[in-house]
1. What does the accessible area per residue of the chain come to in Å², with a 1.4 Å probe and no ligands, DNA or RNA counted?
2. Ranked from the most accessible area to the least, with a 1.4 Å probe and all protein chains present, what is the order of His243, His162?
3. Note the full-extension length gain between Ala288 and Thr213 as 0.36 nm times their separation in residues minus their Cα-Cα distance, in nm to one decimal.
4. Would you kindly compute the Cα radius of gyration of the stretch 131-280 and its largest Cα-Cα separation (Dmax), both in Å?
5. How many percent of the accessible area of the stretch 74-177 is carbon or sulfur, using a 1.4 Å probe?
6. Kirkwood hydrodynamic radius, computed over distinct alpha-carbon pairs, for the chain: how many Å, to one decimal?
7. Scan around Gly265 for amide H atoms under 5 Å from its own, H built in the peptide plane at 1.01 Å from N, and keep only partners 5 or more places away or cross-chain.
8. Is it possible to state the helix-based mean residue ellipticity at 222 nm for the chain, with each DSSP H run of 4+ residues giving -39500 (n - 2.57), the sum divided by total residues, to the nearest 500 deg cm²/dmol? What is it?
Amino acid sequence: MSAMKRRTFIKAVAGAALLPYIQVKANAADRVLQVGVYNSAQGALIKQKVLPEFEKEYNCKVLTTEGATLANIAALRATKAKPVFSVMSMDDIGVPQAKAESLIEPLPAEGIPNLKNVFDRYLLSDRYGVGFSVSMAGLFINPQMTKPIASYNEIFTPQFAHQMILNTPKNTQSILMLIVAAALATGKPLQEAQYEIDKGWDKLAELKNNVMTVYDGEAQVMMVAQGQAMVGGIEYSKAIYPHTKKGIPLDMTFPKEGAFTGINGLALVKGAPQRELGLAWINRLLDADVQKMLAEVTLSAPTVRGINFDAATLKYLAYPEDKMKQLNLFTPDWTYIIPRRAELLERYNQTFNA
């Protein structure tokens, strides 16, 4: 073989050897999955611990956008004509709204094997969304100064005059307090009282004399730890228990009427540009190992069955199912409440600002 032919042959062989690598790189560049995550410690944890392994296994690039539920839904509206995202994080309150606007589609069981392990209560809006992390919502106290509160009725008594910090009407938790007021006014369980929510306004107004301030930042829960107030809420446990675990005198208290759930969820975007990768992303976040890791770090409960925790972690979680029943955990019917949300929040503001 001549020198010229030998050089040509070597180049051809080298080019062939490089071809699979070039093809893999091209495929990876084409496989870009865009997802929405929460702008929280949980979102940062997912980016740090879940995302790199997912990219490696599925030979893709995952781009994340951080936001809260309403911002994430707004992002879907803005890209509805030409979807950019494949999966979006949104709370249980957002799923019905996104469904009504045709921004998301039902989750297919065949594309998400781990869906079969999810508790029924966390399959949202006819499976248009699925919960992957659950906080409890109730009142919080400094256990060194205040006894656990047995009934929500207690916070309306003179014992707590000017001693309560109330969550801002800007947050979903304000609606939960209105449901509590309706339950106390009607004598009905939370589940039934939510459908008579307007009967709670007079009762809610009675709370005004006990409210020291309305807080709108998580850092302000420390007012209770520092003894400036006796009770606060309604608040999600994920804002309280990390402090409790560090030894700060803060703890949740769940009155006999029941506790609420705060469900962080996932939805498949309608017309997702990377549908199969999107389904795989949802499936990964429902994987038992990922669920266990998220629960242990964020102190929010998993949504799938069969995970074992040590006692030190389990005391912070609404888990397993027996504990959910014991706490009388309740998820509001957001499909009923959401259409009236603006009206309710306006009146809520008037009640405490008048």
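1. Accessible area per residue: 46 Å².
2. Details: His243 40, His162 115 Å².
Result of the area sort, largest leading: His162, His243.
3. In short, 22.9 nm is gained.
4. Expressed in Å, the Cα Rg and Dmax of the stretch 131-280 come to 17.3, 58.
5. 54
6. Working: mean 1/r = 0.0452 Å⁻¹.
Hydrodynamic radius (Kirkwood, Cα pairs) of the chain is 22.1 Å.
7. Those qualifying (amide H under 5 Å, at least 5 residues apart or on another chain) are Met90, Asp91, Asp92, Phe132.
8. On the way: 16 runs with 138 residues, N = 354.
Estimated from H runs of four or more residues: -11000 deg cm²/dmol.
The values are calculated or read from the model by the stated rules, or taken from the named source; none is laboratory data. Remember, predicted model here, so these are calculated numbers, not experimental data. Side chains included, ligands, DNA and RNA excluded: accessible areas come from the protein's heavy atoms. Shrake-Rupley method; radii C 1.70, N 1.55, O 1.52, S 1.80 Å.
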